[in-house]
Amino acid sequence: MLGAWWQDTVKTYRGNAIFVRDFRSQMRGWKPMWFWLGYLGLILLVVGSFYGGIMRRGTIDIAELQSILVGLFVGFSTLLSYLVLLVAPALTAISIVQEFDRKSIDLVQSAPVSARYLLVGRLLSAYRYVWILLMLALPFAAVGILMGGFTWPQLLATFFGISLQGLLVASLGLVTGVMTRKIVPAVIQAYAAFVVVGIFTGILSAMAAAMAFGRGGGGAPGFGFWGVLTPGVTQWAVLGTTPLGNWQAPNLLLATVTTLFASRLMMLGAASAIAPTLTPDIGRLRANSLVAALLFGLMGAFLVASLPGGMRGGGISPAMIMGNTFNTLIGFGAITVVNYLACWSFIGERKYQTNGLWNIKMLFKGTPASVLPFLTALMLVATLGFVGGVFLSSGRVSPELLLYIPWGWGINFFLVGLCWWASLLSTGNLPGARRLGGLFFILVMIIFSAVIGIITRGEGNAAAWAWHPVLGAYGEQQYGPGVLGHGLILWALGGILLFTAERKRRKIIRASYE
Amino acid sequence: MLEVLNLHKNYGSFTAVTDVSFTLEPGDVFGFIGSNGAGKTTTIKMLATLLEPTHGTARLDGFDITEHPLEVRKRIGYMPDFFGLYDDVKVWEYLDYFSALYSVPVKDRPGVIDNVLELTDLTFKRDAMVASLSRGMQQRLCLARCLVHDPTLLLLDEPASGLDPRARAELKELLAELGRMGKIILVSSHILPELADFCNKVGIIERGNMLAFGGVDEIARGLKSIKVLEFRVMDRASELSMWLHGKPNIQNTYLMGATTVKVDFDGSHENQVELVRAIVNAGYPVMEVREEGVDLEDVFLNVTQGALN
């Protein structure tokens, strides 16, 4: 069994046919040449105007020159970051949509290769393209090194950090590629997902920087490893470290591990959606997801546990930080996953018709009846990983932290209820049902915010925030129903949605028989 | 050998395929006949491991389609009712891509590609872009793709749809040749004449139910007990027609001109021999006795009429 897994892995990563095929078509004809010429022209324009400005000044102080060159380095790497973030998700999303569009997906899937093989091929193709773009830009950046503005390790580490961003958004493109059958919506969704990721990593890097500042750290801001994945901050964060227990872990290493984890999870999600049969592809993917969720939970706990003391002051308890990190990982991390698992089209694609609410035997199969058992298992292992990680890193788990767990689970349950209804009301295809599921979530958030705002008017923002059923766990707990209360409310809402949706579904099925 | 065992597929409350069973041996060319929506494509997709059966299974060379889909995929060549071609590659690159997907060793690939191109008569297009090929050539390229890994079973879903008569004839010839090479070929179609010529077995499916399976003649014989015998004599055809009238196992007689008489005959082979002997003994100058061939279209209409009623 291990031998077969090894053979499959070697076949997937070494000499992947999709990787080779994509290279041939990416390099063919004049189109790529024109694109690269345009790309080089843009870089030349930016860098040329910079160097030109320096030359025009005639004489310049060496310290001032180096400061200008550092500015160039920052601007240049930020520009590259955004270019890569623009190109990489589009590459993967378009390649997957085209596979469906030309119906070649059935041909590939009737060959003895797994869904993972196809997606890894696409991902590696996009990653190679990212490196082509970076390598083309290297000579322009290297001029700055020759003038002494920055160093080779800085530049190469920054390029590697940018490539990680490319890998992350390329895997996002895979997910959005399988979500829709049209190129433009797939690319737009990939960009939207990238913006969300950018905001997430940006907030985390800013938090880390603020914490470093709070504890009196001097010199370069300590952005933490999230900074490596944040455009515009990468160059500051790549050579820094993040405390992990007693170890100062290199940011680049942590960012690499995080990117590999995240891209793997996204690949698993995408592969689950396109695998043609329920077994053994889905079974293997789901088993992998469980392992990844365990590791994610463990890693999240270690990172939060290692936050510097400055964050723990000001009335914010460590348990609250940990609890809300857990909520963010398990609760909001699930928004995209649940949408995939729990949405199916009721009429448009018969394959996805529901076969019940809960069937534990279907745990490793891709049917609707396996959604709740699989989500439960996924949350269980992530919770175990997180709580276990907290215990291993700090030697204890506070009861206050445990109060946050029902909330994280509740948001998943509530989302499943929403998606169940979205599936019932969607008469179109599967992507349509998924879009409706996403729309429902946005609408619910708006309605909740509006209603809570009206009810708590005059009591201030803190009260309104704390009463919000979905976001309330992040608020000040003295106002609302408390974090446990939020969890229970979400469970109740999810239960009502699931119960009513399932009743309606059975009614429709009965009617179709009569 | 392909064994299909009670293959069944439900889509929610809708049953697309109901307990289909049949067995095919190497060299069999099996025509899978049914109207649009009868369940042909669903059956083929299940055999190609692209759809999970609700219950039942199929085994190819002992490998179960649900238990060992990857092993089954190594042994099948699947050609859907659409081309699914990559138009931004050359013909040899397209075949090289699928050779790699099917784990054909790198050193063997050039030889394999040359062989399948020769077999499908596309050698002269080796370096052409796929997008530049005509529809018939694209169809042949699809078939070439199915052959790169030397599969045991070819699953061809409506392979001749949209082809001109010449391309159809070429395709039929090619499939017959592949059958002679010992491959199991399952070819679906709702255009019946295109199957009749080269299939040694047919299956008729309607509303997900396999109504008949076997050789065309075998099915026809199972359908009706009456066969049409044609006697050609040098002369005295009208006299022979009258002589035959009322003889055992003769239902009707038809005079078809000065030298030909047709009869509806419901006897056994032995009765048939007796009848011919009696005609000769009666002194009629018999030049030829012929049993009229079975028309696949008639068989299909007969079989499906019952199902629809």
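Read the figures in this text as sums done on the coordinates, not as results from a lab. Here the structure is a predicted model, which means the values were calculated and not measured. Using ideal geometry, Cβ is built from the backbone for each residue, glycine included, and neighbour counts are taken over all protein chains shown.
Would segment B:2-214 count as rounded, prolate or oblate if I go by the C-alpha gyration tensor, calling it rounded below 1.5 in a/c and otherwise prolate when a/b exceeds b/c, oblate otherwise?
Because a/c hits 1.5 or more and a/b exceeds b/c, segment B:2-214 counts as prolate.
Could you list which residues have their amide H under 5 Å from that of residue B:52, counting only those 5 or more apart in sequence or on another chain, with H placed in the peptide plane?
A:278
How large is ³J(HN,Hα), in whole Hz, for each residue of segment A:130-145 in order, when computed from phi with the Karplus curve 6.51 cos²θ - 1.76 cosθ + 1.60 and θ = phi - 60°, using x for Gly and Pro?
So the Karplus estimates, Gly and Pro as x, are 4, 5, 4, 4, 5, 5, 5, 7, 4, x, 5, 6, 5, 4, x, 5 Hz.
Within chain B, what percent of beta bridges assigned by DSSP are antiparallel, to the nearest 5?
Percent antiparallel among DSSP bridges in chain B is about 65.
Suppose only helical runs count, i.e. DSSP H with n ≥ 4. What mean residue ellipticity at 222 nm does that imply for chain A under -39500 (n - 2.57) per run, divided by all residues and rounded to the nearest 500 deg cm²/dmol?
Calculated at 222 nm, the ellipticity per residue is -24500 deg cm²/dmol.
Measure up A:182/B:125; B:172/B:201; B:40/B:262; A:365/B:45; B:45/B:227; A:504/B:45 against 27 Å on the Cα-Cα distance and list the ones that go over.
Over 27 Å Cα-Cα: A:182/B:125; B:40/B:262; B:45/B:227; A:504/B:45.
How many angstrom separate the Cα center of segment A:56-95 from the Cα center of segment A:473-501?
Between the Cα centres of segment A:56-95 and segment A:473-501 lies a distance of 46 Å.
5 Å is the cut-off here: which amide hydrogens, built 1.01 Å from N in the peptide plane, fall below it relative to residue B:212, excluding neighbours closer than 5 in sequence?
B:204
So for segment B:89-220, averaging the separation of alpha carbon pairs under 8 Å that are six or more residues apart and normalising by length, what relative contact order in percent results?
Across segment B:89-220, relative contact order equals 20 percent.
Arrange the following residues from fewest to most other Cβ atoms within 10 Å of their Cβ: A:179, B:287.
If I rank by nearby Cβ atoms, fewest first, I get B:287, A:179.
Just tell me the longest site-free run in chain A, where the sites are trypsin sites (Lys or Arg not before Pro) in a DSSP loop having at most 16 other beta-carbon atoms within 10 Å.
Answer from the scan: A:216-395.
In a shell of Cβ-Cβ distance under 12 Å around residue A:22, excluding residue A:22 itself, what net charge do Lys and Arg (+1) and Asp and Glu (-1) give?
+2
Hand me the trypsin sites (Lys or Arg not before Pro) from segment B:94-177 located in a DSSP loop with no more than 15 other Cβ atoms within 10 Å, in residue order please.
Sites meeting the loop and neighbour criteria: B:126.
Looking only at the protein assembly as shown, where both bridge partners belong to it, what percent of the DSSP beta bridges are antiparallel (to the nearest 5)?
70 percent
For B:92-103, what's the mean count of beta carbons from other chains sitting within 10 Å of each residue's beta carbon?
5
Taking neighbour Cβ counts within 10 Å as the exposure measure, how do B:233, B:286 sort from fewest upward?
So the ranking, lowest neighbour count to highest, is B:286, B:233.
Once you have a ≥ b ≥ c as the square roots of the Cα gyration tensor eigenvalues for chain A, tell me rounded if a/c is under 1.5, and otherwise prolate or oblate according to whether a/b is larger than b/c.
oblate
Could you put A:343, B:142 in order, starting from the residue whose Cβ has the fewest other Cβ atoms within 10 Å?
Going from sparsest to densest Cβ surroundings: B:142, A:343.
Give the average, rounded to an integer, of partner chain Cβ atoms located within 10 angstrom of each Cβ in A:108-121.
Averaged over the peptide's residues, the number is 5.
According to the square roots a ≥ b ≥ c of the eigenvalues of the Cα gyration tensor, what is the shape class of segment B:45-167, taking rounded for a/c under 1.5, prolate for a/b larger than b/c otherwise, and oblate for the remainder?
oblate
For chain B, what is the mean residue ellipticity at 222 nm derived from helices alone (per DSSP H run of n ≥ 4: -39500 (n - 2.57); sum divided by total residues; nearest 500 deg cm²/dmol)?
It lands at -10500 deg cm²/dmol.
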